[in-house]
Every structure is written in C-alpha cells, then in structure tokens.
Amino acid sequence: MLLRRKPLSASPLLAKQEPLAHERKAPMLGLLLVTSAALLFGVVAACVKAIEMPTLVLQLCRSFIEWALGVGAALFYWRTGAARAQVRQEAEVEVIRNGGYYEPPTGPTPRSDPDDPEAARSASVDRSGDPPSSLALLLIGPAHLRGWLVLRALLYWLFLACWWFALAMMPIGDATTIVYIGPIFTATFAYLFLGESIDWTFYPIAALDAAGLLLITQPTFIFGSGGAAGAKDDGSYYIGALSSFVSAVVAGLLPICTRKSKACFWTAVNHCSSALSALVFTPIAIGIWFMVDPEGPHKMVVSLGELLQPEEFMMVRTSSTGADGAEAIDWQIGRWPLLLGATVTGFVGLALQTLGYQLEEAARASLMTVLEIPFAYVLQYALFREPMTPLGLCGVGLVICGTVLNLIRRLQLK
C-alpha cells in the first residue's frame with residue numbers, strides 16, 4: 001500500500017504548496033475551523049429542512065444574500081485595512097521626524113508583479129495573515145488564482161445542486177451515506193494533485209466514521225426499505241444515488257481547489273462563489289428548468305409570491321385545540337427568518353471551512369466534516385422531536401471517537 005509519494009514539481013497542478021506563515025503558527029487551527037464549519041452546516045440543514053421551496057428558487061435567494069454578505073465583508077476588511085495603513089504611515093512620519101528609522105511591524109510587503117506568480121502569491125496575503133489592502137484582492141483574488149476560484153465556485157454550486165436533488169429522489173439516510181464517502185475522494189485527490197501524504201491513521205478513523213454514519217442514517221440498502229422511497233420502480237432511486245455519488249466526488253475536489261487557492265483571502269473565495277452562483281450558474285440552471293418543465297415558470301412565480309406573504313417575514317403565533325379540549329399555543333417561524341438564518345450561518349460556516357482547508361491538509365481536515373451528521377441528528381431531535389434510536393446514539397459515539405483520534409494524531413504530528 002502506497003502511503004507516501006514524492007510530488008512532481010514539473011507541473012503547476014502537481015507542485016506541492018508551501019505553507020504560509022500563519023499555517024506554521026497554528027497547526028491545530030485548521031481542524032478546529034473545519035469542525036466549527038461542520039457544526040454550523042448542521043444548523044443550516046435543520047433550517048433548510050423547514051423551508052418548502054423549489055431547490056433552484058431557494059438557491060437563487062441564498063446566492064444573492066450571500067453575495068451581499070461577501071461584498072459587505074470585503075468592504076469591511078478594505079476599510080479597516082486602509083485605517084491600519086494610515087496609522088502605519090503616521091507612525092513612520094513621526095519616527096522619521098525624530099531622526100529614527102521606521103521598520104513595519106510585519107516586515108515589508110512585496111510588490112505584486114503580474115508577470116511573477118510567486119510575487120503575486122506573496123502579496124495577496126500579508127506575512128502576518130492580515131487581509132490585503134486592495135479591494136480587488138478581497139473580492140476576486142490575485143489574477144493568477146482566479147481560475148481556481150471560478151472552478152471552486154462551479155464545484156460548490158454543483159455539489160449543492162446534486163446533493164439537494166438526491167435528497168428529493170431518495171431516502172435521506174441513503175443519500176447522506178453516499179455523499180459522505182467524500183473524504184475518501186479528498187484523500188485520493190490530495191495525494192494525486194497536491195502531493196500530500198496519507199497518514200496511516202486516516203484508514204481507521206475513516207472506518208469509525210463510516211460505521212457511525214451507517215448507524216445514524218440507517219440506509220435502506222443495508223437496513224431494509226421499510227416502505228421508504230427507495231422502493232419505487234420508476235428508477236428515481238438510482239438517479240438519486242448517482243446524483244449523490246457525483247456530489248461526493250465533487251465534495252472531494254472542493255478542498256483541493258481551496259488548497260490551491262490558499263493564498264487568496266477567504267472573502268475572495270466566498271464572494272466569487274456566491275456571485276457566480278447568483279449571476280451565472282443558477283440563472284442558467286433555471287433556464288434549463290424552464291425548457292424541461294413547462295410548469296417551471298408558474299412554479300417559480302408561485303413560490304416567490306408565497307415568499308412575499310407578510311406571515312413569512314416573522315414568527316406567527318398559532319393555537320390549536322387538543323383532544324382533551326385544552327388550547328395548545330405554538331410558534332411557527334416564517335420562511336424569511338429561516339432563509340436568512342440558514343444563509344448567514346452557511347456563509348460563516350463556508351468562511352470557516354475555507355480558512356480551515358487553507359491551513360490544514362485536505363485529507364485530515366475532510367474527516368472532520370462528518371461531525372455534521374451526528375450534530376444534525378441531535379439537532380433534529382431537539383427542534384423537530386424526531387426519535388433517537390440506540391443504534392443512532394452508538395453511531396454518534398463512533399463518529400466522536402474518530403474525531404478525537406484525529407485530533408490526538410494531529411497533536412502528535414505538530
């Protein structure tokens with residue numbers, strides 16, 4: 001079994017990425033960020049579960065909101081970066097006026113030369129990990145990495161589209177089990193394209209995660225259909241399974257693109273992803289939807305009309321009378337609070353995931369994403385009162401054990 005391979009440096013695609021300064025200073029930070037992102041994505045899944053809208057309409061609304069958040073984050077860093085530059089300039093003038101020599105606290109920032117990719121890479125992120133002062137770098141990254149940003153945006157959109165389509169075509173346990181074989185593809189692609197070694201602990205940790213995932217999701221192809229959607233004879237189950245498998249492969253490629261573009265500040269990665277989704281990928285998909293389904297335009301108009309109803313902007317107090325004649329008071333959350341909550345939480349989670357993959361090896365960090373499943377499992381019980389089974393709780397324990405082993409091994413390699 002091959003565990004290590006000397007990376008080929010002749011091709012830029014296979015060239016091993018040198019760590020940035022902030023990667024060496026915080027070796028555990030990457031895993032913690034990816035773990036935090038997985039937990040936030042569990043919250044997103046719970047919110048999306050409660051929103052009943054066509055997938056592409058939901059995707060379009062989410063993309064525009066995320067795009068606005070990305071622009072706002074970039075402008076914030078740009079303004080604070082300009083303020084820091086002004087403070088440095090005033091300090092430099094004061095020191096020189098007093099006859100001294102001023103040395104920037106983070107060292108000189110190299111100039112960006114469009115003909116020198118290495119210089120552009122060094123200039124895109126400050127030596128201390130501070131964001132770049134250029135608004136263009138904060139929004140679309142350095143010129144030589146924009147191809148990777150576009151590819152990552154396309155892969156991220158394709159992942160969501162295939163994943164949500166799979167959920168509509170097959171039982172959620174089956175779809176989840178298939179899509180979370182993604183870390184295996186991540187490790188394979190990281191070995192082939194980044195020259196990252198696969199530590200021997202990856203295999204037992206992946207086995208623990210897989211066993212835990214099976215016990216939590218209990219897919220029908222192992223535990224029986226029980227009357228689930230998998231028993232359909234129209235072939236939709238197999239189409240959903242294929243879609244879920246494609247999303248797993250795409251999920252394996254996403255960390256590779258993030259690692260290849262790790263010199264970009266996280267705002268550029270998120271902004272490019274949301275902007276391209278809102279302006280290019282989702283409109284094209286909606287156009288295809290309209291061509292395939294003649295009822296598509298009507299469904300979209302109806303969905304947007306329902307979204308504009310006053311009760312969808314707030315929490316509505318409802319009451320019902322039980323069998324014993326007692327009045328039960330309940331609160332129903334409108335779609336807009338759920339949509340905004342899911343989008344903002346997903347935006348923060350995507351930012352943390354981007355930073356995490358930029359700081360940590362792709363294979364090791366990808367194992368932490370499985371934590372989303374047990375967290376969502378517990379969250380569904382707390383929010384939707386869905387039953388928790390003994391097998392599911394055992395699966396949660398196995399995933400937690402795998403996560404702890406991954407963290408311990410990372411501490412040993414520090």
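The values are calculated or read from the model by the stated rules, or taken from the named source; none is laboratory data. Bear in mind the structure is a predicted one, so any value in this text is a computation, not a measurement. Backbone-built Cβ (ideal geometry, glycine too); neighbour counts: all protein chains shown.
A few notes on this one:
- Residue among Ala328, Ala363 that alone is modelled with pLDDT under 75 and either of a type in the set (A, V, I, L, M) or assigned to a helix (DSSP H, G or I) (or both): Ala328
Okay, residues lined up against (1) assigned to a helix (DSSP H, G or I); (2) on the phi < 0 side of the Ramachandran plot; (3) modelled with pLDDT under 85:
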| site | (1), (2), (3) |
| --- | --- |
| Ile178 | yes, yes, yes |
| Pro204 | yes, yes, no |
| Ala210 | yes, yes, no |
| Ser225 | no, yes, yes |
| Ala251 | yes, yes, no |
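- Residues in segment 139-153 that are in contact (Cβ under 8 Å) with a residue 12 or more places away in the chain, part of a helix (DSSP H, G or I) and over 15 Å from Pro255 (Cβ atoms): 7 in all.
- Test: residue in segment 98-120 that is touching a helix residue (DSSP H, G or I) at 6+ places or on another chain (Cβ under 6 Å), at pLDDT 75 or above and not acidic (Asp, Glu): no
- Residue in segment 385-404 that is assigned to a helix (DSSP H, G or I), among the charged types (D, E, K, R) and more than 30 Å from Ala68 (Cα to Cα) present: no
- Test for Phe189: is it part of a helix (DSSP H, G or I), at pLDDT below 85 and out of contact with any Ser or Thr (no Cβ under 7 Å at 6 or more places or on another chain): no
- Residue match in segment 61-82 (condition: aliphatic (A, V, I, L, M), more than 24 Å from Glu360 (Cβ to Cβ) and at pLDDT below 80): yes
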